[in-house]
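Data block below; observations after.
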Amino acid sequence: MGDTTFSKSDYLKTREDLGITDDRGVTAMAELEARESGMLNPIVDPAINPIRRSMIRLVAENKHWVAKLGCPMDIEVSCDTTASMQDEVDNQMRVLPDMYEAIAKVLQGYDPQLCLGIFGDCVDDFVLCRPQYEMEAPKIVRYLNVMAPQRGGGGNGGEDPQYSMLARAYLTDAYTNNIGLKGYHFIITDEPCHHDISERQIRRIFGENIFDNELKEMKGAIKSIYGIVSDLKSKVHAFALIVDGHYHSDEAYESYCNLYGRKSVIRIDSTEMLPTIISAIIGLTEGTVEITELKERFGDDMDSELIKQLSNIEIGAQMKLRHAMKRPVPKAGDIFAKKGDLWPIQPGELSEDEEAEETVADIIKYL
């Protein structure tokens, strides 16, 4: 629905409906089905309708369309699920209510839309699971439930999240980008990133016809990973969260500092911290949270070392983009002439009759 948001009760009910009674083995059935069929479930297969969309949600009302929840904010999290991180979908499912609640608190007035995906290695049967951006608990719980983490380590000194970067850079239609803002993209890993990007692997992951349709301009001219990261960062506030304490953590940190720049790479102790760290980064970037507030707002998860790291990110970067926009960010209650319109109707653009209709409708609504 156009005004439905995430709720803990919907989350619990959907888990019950799907028979998820434990925080472990959430994806066991989907993994078995993927092994037997050789295919991913369509709702997480990046080759099925490859474009992922984050759109403003509008409800028909009085011959117009009304934004009930304001501007969408696309947030993509792509998590390593190999070797020591093989149980991360279980963790994402477990922390999901806390994640959504924490993000919503720092994005008041926005409609947070979550794409929680996973990646592995090109030696795996499946390299990437990427769902649509969703905002309702039943849809997010369902897509996490049908992921197929490959779990193996690959044994080749790194993983392949570069295809997640490519997907967000070129296979995403986000309202934020269309109005001059950026969404968010987080890579979570304890391994270095491979730099190889091939046409063969792109076809394998995103479908044989991807260069005939969605990636026409890239056919025969695949950019380097540095070019892809540059394009990614033109569309999102991109961060890499490196899980410390694992065998290749130091190497992973240097790998991502080389790709993203040190200001965009944060070392964390555990993925249990994801609700805290992701919401803190978003809040600082949006300008809705101050560095001096971190300890008070997030408690024991926010130690001095983490605060030191967060103080290096580009604080207020989204706020600068908002100030540069020619029109204000759409908000809840804004009226759009047509469903596909980018901007709401401005004051004075409604006729006197239409304004009267809107006023009468508002009165009736509250009687």
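Ranking of 59, 66 by solvent-accessible surface, largest first: 59, 66 (1.4 Å probe, protein heavy atoms only, all chains present).
Using a 1.4 Å probe on the protein chains only, how many percent of the accessible area of the chain belongs to carbon and sulfur? About 49 percent, which is the carbon plus sulfur part of the accessible surface.
The residue list 58, 11, 43 was ranked by how far each Cα lies along the charge dipole of region 1-104 toward its positive end, using unit charges on Cβ atoms, and 58 comes out on top. DSSP finds beta bridges in region 8-362, and of those with both partners inside it, around 20 percent are antiparallel. Cross-link partners of residue 338 among lysines, defined as those whose alpha carbon lies under 18 angstrom from its own and excluding same-chain residues fewer than eight positions apart: 63, 68.
Calculated FRET efficiency, residue 8 and residue 221, Cβ-Cβ r, R0 56 Å, to nearest 0.05?
On the way: r = 47 Å, r/R0 = 0.84.
Working from the Cβ atoms, E equals 0.75.
Sites count as exposed loop sites when they are trypsin sites (Lys or Arg not before Pro), lie in a DSSP loop, and have at most 16 other Cβ atoms within 10 angstrom; the longest stretch of the chain without one is 64-218.
The simple spin-label model puts a point 7 Å past each Cα toward its Cβ; for residue 214 and residue 269 those points are separated by 3.9 nm. Each pair of Cα atoms in region 1-124 enters the Kirkwood radius, and Stokes-Einstein at 37 °C and 0.692 mPa s then converts it into a translational diffusion coefficient of 195 µm²/s. Straight-distance candidates among the lysines for linking to residue 233, with alpha-carbon spacing under 28 Å and chain neighbours fewer than 8 residues away dropped: 105, 139, 182, 216, 219, 223, 263, 308, 320, 326, 331. Computed from point charges on the beta carbon alone (+1 for Lys and Arg, -1 for Asp and Glu), the dipole magnitude for region 8-362 about its Cα centre is near 920 Debye. Note: region 309-351, Cα convex hull, 107 Å³ per residue. Computed over all pairs of different Cα atoms, the Kirkwood value for the hydrodynamic radius of the chain is 21.5 Å.
Treating each Cα of region 219-273 as an identical point scatterer and summing with the Debye formula, the log10 of I(q)/I(0) at q = 0.22, 0.25, 0.29 Å⁻¹ comes to -0.85, -0.98, -1.13. To the nearest 10 degrees, how steep is helix 274-286 against the longest Cα principal axis of the chain, on a 0 to 90 scale? So the inclination is approximately 50 degrees. Computed on the Cα atoms alone, the convex hull of region 128-218 gives a volume of 141 cubic angstrom per residue.
If the chain between residue 327 and residue 200 were fully stretched, how many nm would it gain, using 0.36 nm times the residue separation less the Cα-Cα distance?
On the way: separation 127, 0.36 × 127 = 45.72 nm, distance 4.26 nm.
Here the answer is 41.5 nm.
Here is the list for region 179-236: GluC sites (Glu not before Pro) lying in DSSP coil, each with at most 12 other C-beta atoms within 10 angstrom of its C-beta, are 208.
Once the Cα-Cα distance is subtracted from the 0.36 nm per residue extended length, the residue 23 to residue 84 segment shows a gain of 20.2 nm. Distance between the C-alpha centers of region 5-54 and region 78-124? Whole Å please. What the calculation gives is 13 Å, centre to centre.
With the Cα gyration tensor of region 10-77 in hand, give its eigenvalues times 5 under a square root as the equivalent ellipsoid semi-axes, listed largest first in whole angstrom.
Values: eigenvalues 214, 70, 26 Å².
The equivalent ellipsoid of region 10-77 has semi-axes of 33, 19, 11 Å.
Could you give the Stokes-Einstein D for region 237-340 in µm² per second, using the C-alpha Kirkwood radius, 25 °C, 0.890 mPa s? This corresponds to a translational diffusion coefficient of 158 µm²/s.
Projecting the Cα atoms of 210, 32, 117 onto the charge dipole of region 8-362 (Cβ charges, centred on the Cα centre) puts 210 farthest toward the positive pole.
Partner aspartates and glutamates whose Cα lies under 14 Å from the Cα of residue 235, excluding those fewer than 8 positions away in the same chain, are identified as 74, 76, 173.
Give me the accessible area per residue for the chain, probe 1.4 Å, as a whole number in Å².
Working: 16450 Å² over 367 residues.
Roughly 45 Å² per residue, with all protein chains present.
The values are calculated or read from the model by the stated rules, or taken from the named source; none is laboratory data. Everything quoted here is computed from the prediction, not taken from an experiment. All Cβ positions, even for glycine, are placed from backbone atoms using ideal geometry, and neighbour counts span all protein chains on display. Please note that ligands, DNA and RNA were not included when accessible areas were found on the heavy atoms of the full protein model with its side chains. Shrake-Rupley method; radii C 1.70, N 1.55, O 1.52, S 1.80 Å.
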